[in-house]
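Single-structure report; data block below.
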Amino acid sequence: MVRKDWRLRAVKLIHTAAWAFFASCVVLIPVAAWQHRLALASILIGFVAVESLVLVINAWRCPLTGVAA
């Protein structure tokens, strides 16, 4: 039981870090564009697009859901 609890905590930590990263990307896209840093905005858009593609492929479920269950 302790091992499963550790895995769940690890998955939650990874999920929270990924969420914070992608939420930051979404917030920074208009900031970068406003500052005319279009290369940075494009990179951030790419990160968000890849994450969106991963969610679409997984039927809008986080891929970590199966690991946490």
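The values are calculated or read from the model by the stated rules, or taken from the named source; none is laboratory data. Computed from a predicted structure; not experimentally measured. Cβ coordinates were reconstructed from backbone atoms using ideal geometry, including for glycine residues, and neighbour counts include every protein chain displayed. These area figures cover heavy atoms from the full protein model, side chains too; ligands, DNA and RNA do not enter into them. Shrake-Rupley method; radii C 1.70, N 1.55, O 1.52, S 1.80 Å.
Counting only residues that are surrounded by 14 or more Cβ atoms within 10 Å (Cβ to Cβ) and part of a helix (DSSP H, G or I), how many does segment 27-38 have?
Within segment 27-38, the subset surrounded by 14 or more Cβ atoms within 10 Å (Cβ to Cβ) is 28-29, 32-33, 37.
Those left that are additionally part of a helix (DSSP H, G or I): 28-29, 32-33.
Number of matching residues: 4.
Against the definition (modelled with pLDDT of 90 or more, open to solvent by less than 80 Å² (accessible area, probe 1.4 Å) and within 15 Å of THR65 (Cα to Cα)), how does ALA41 come out, yes or no? Even if it seems obvious, please write down each step before you answer.
Details: modelled with pLDDT of 90 or more: yes; open to solvent by less than 80 Å² (accessible area, probe 1.4 Å): yes; within 15 Å of THR65 (Cα to Cα): no.
No: the conditions fail for ALA41.
If you go through segment 5-26 and keep only what is of a type in the set (A, V, I, L, M, F, W, C), open to solvent by 80 Å² or more (accessible area, probe 1.4 Å) and closer than 14 Å to LEU64 by Cα, you end up with LEU13, ILE14, TRP19. Filtered by the rule that a residue be touching a residue at least 40 places away in the same chain (Cβ under 8 Å) and either touching a strand residue (DSSP E or B) at 6+ places or on another chain (Cβ under 9 Å) or of a type in the set (D, E, K, R) (or both), segment 4-58 gives ARG7, LYS12.
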